[in-house]
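The values are calculated or read from the model by the stated rules, or taken from the named source; none is laboratory data. Note that the structure is predicted; figures quoted are calculated from it, not measured. Ideal geometry is used to build each Cβ from the backbone, glycine not excepted, and the neighbour counts take in all protein chains shown.
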Amino acid sequence: MNVNLGPKKRKARTIHRYPNGNDPKKRELFGDNKICSKCKLTKDIFNFHWKSDYYKGKRRHRIQAECGECREKQRHAKYSATPEIFLLRAYQMIKQESARLVRKRRPVTITFFEFMETWAAQKKKYGLICPISNQEMTYQQGLGNLETNISIDRIDSKKDYDLGNIQFICRRVNTMKHNATLEDLVCWSRAIVVNHDDV
Ligand SMILES: [Zn+2]
């Protein structure tokens, strides 16, 4: 896969003055409504994103042919094509600096190659079955946080995203496990089952 996940220097991002897309300049340049080339629906111009670029040193203001929803659907479909592509996205998410700073994620020392090797090894052994819950895992982007989606578990939650310390389990199971050990999770789960054997 031709993906560069190493640290890269980023150009300073332009701050969006109209984060919801409601830039009055769109109305001025393109009118109130536009037909989406994908879903063929006539939508408010604010539903279409800018496609600004530079041509011969001059900034051009263009607008995308497809509406925002269609663009998003396409993006989700792209990242839901295979478990590997889904996991590529998942790796990017944990690797992002912002993920560590804002969402207080643990540091990631495992390389992308090792990460995918770890997945390949698990897949060989379990296929798409979650090794903790024995349920089949999914890889759907864009349907909210699907409980069965593959998620990255740090086996020993006191340690980071290190080689040898990650496995892939259902999102729901990961949420339940949180910072517990597998033994603790099983112990609590058993206690709940025993107490609610009528459910
Ligand atoms: Zn559309």
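Summary table below
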| quantity | calculated |
| --- | --- |
| Any chance Arg106 is part of a helix (DSSP H, G or I), touching a residue at least 24 places away in the same chain (Cβ under 8 Å) and charged (D, E, K, R) | no |
| Which listed residue is more than 10 Å from the ligand (Cβ to nearest atom), charged (D, E, K, R) and at pLDDT 90 or above, from Lys38, Lys56, Lys51, Lys25 | Lys25 |
| Lone unmet requirement of (1) within 16 Å of the ligand (Cβ to nearest atom); (2) at pLDDT 90 or above; (3) exposed (fewer than 15 other Cβ atoms within 10 Å of the Cβ) for Glu84 | (1) |
| Cβ-Cβ under 8 Å pairs, at least 6 apart or on other chains, the stretch 18-44 side on the phi > 0 side of the Ramachandran plot, far side aromatic (Phe, Trp, Tyr) | Gly21/Phe46; Gly21/Phe48 |
| Test: residue in the stretch 111-124 that is in a loop (DSSP other than H, G, I, E, B) and not β-branched (Val, Ile, Thr) | no |
